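Trainee: To start, I am sharing the structure in question, which I have written as structure tokens.
Derivation of every value follows stated rules applied to the coordinates shown; laboratory data play no part. Being a predicted model, the structure only gives us computed values, none of them experimental. Because the Cβ atoms are built from the backbone with ideal geometry, glycine has one as well, and the counts that use them run over all protein chains shown.
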């Protein structure tokens, strides 16, 4: 599915049940377009992409008007719902932190890309940690970009993970990889 980076295209599956996301069927998270800022609107800072020196095929969890910093060829917004779209190539994922599990499961199944998530005491975190993904802890004082042009942080630390040789190599540009 070719997406234009101008106007979102509603998925014909919006509101449907998405399968194959890990532990069983997952109801889609987004049934309507995003019309206001939410607690999930913290965007990956530009310095991370500058360090990675990658261009991704797709950003699968992009803000409504497209990714402000992610170097990518295409993107899925909330309206297209990246959980129910097919992923291809190298993906970038900074998922909605309010429900990370289905995103991490799909990212691990896809097996090619870079992911930014918080440290968490959860099943999805154990699954990620015990996978073949390369992992790096981000600085304790990481500041995200917000859609109003400011910078903000969250109350827990974050990490990045990578799958695929090119992505793992790029992750080493940020620091020590486990």
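Trainee: What FRET efficiency do you get for residue 176 and residue 88 if R0 is 41 Å and r is their Cβ-Cβ distance, rounded to the nearest 0.05? Let's see the in-between values first.
Mentor: On the way: r = 30 Å, r/R0 = 0.74.
According to the calculation, E is roughly 0.85.
Trainee: Take the alpha carbon gyration tensor of the stretch 68-178, find the square roots of its eigenvalues, order them as a ≥ b ≥ c, and report rounded if a/c is under 1.5; if not, report prolate when a/b exceeds b/c, else oblate.
Mentor: Rounded, because the longest to shortest axis ratio a/c is under 1.5.
Trainee: I've got another one for you. Starting from the 7 Å offset along Cα-to-Cβ, what nm value, one decimal, do you get for the label separation of residue 53 and residue 130?
Mentor: With each label point 7 Å from Cα toward Cβ, the separation is 3.6 nm.
Trainee: Work out the FRET efficiency for residue 73 and residue 119 from their Cβ-Cβ distance, taking R0 = 25 Å, and round it to the nearest 0.05.
Mentor: 0.25
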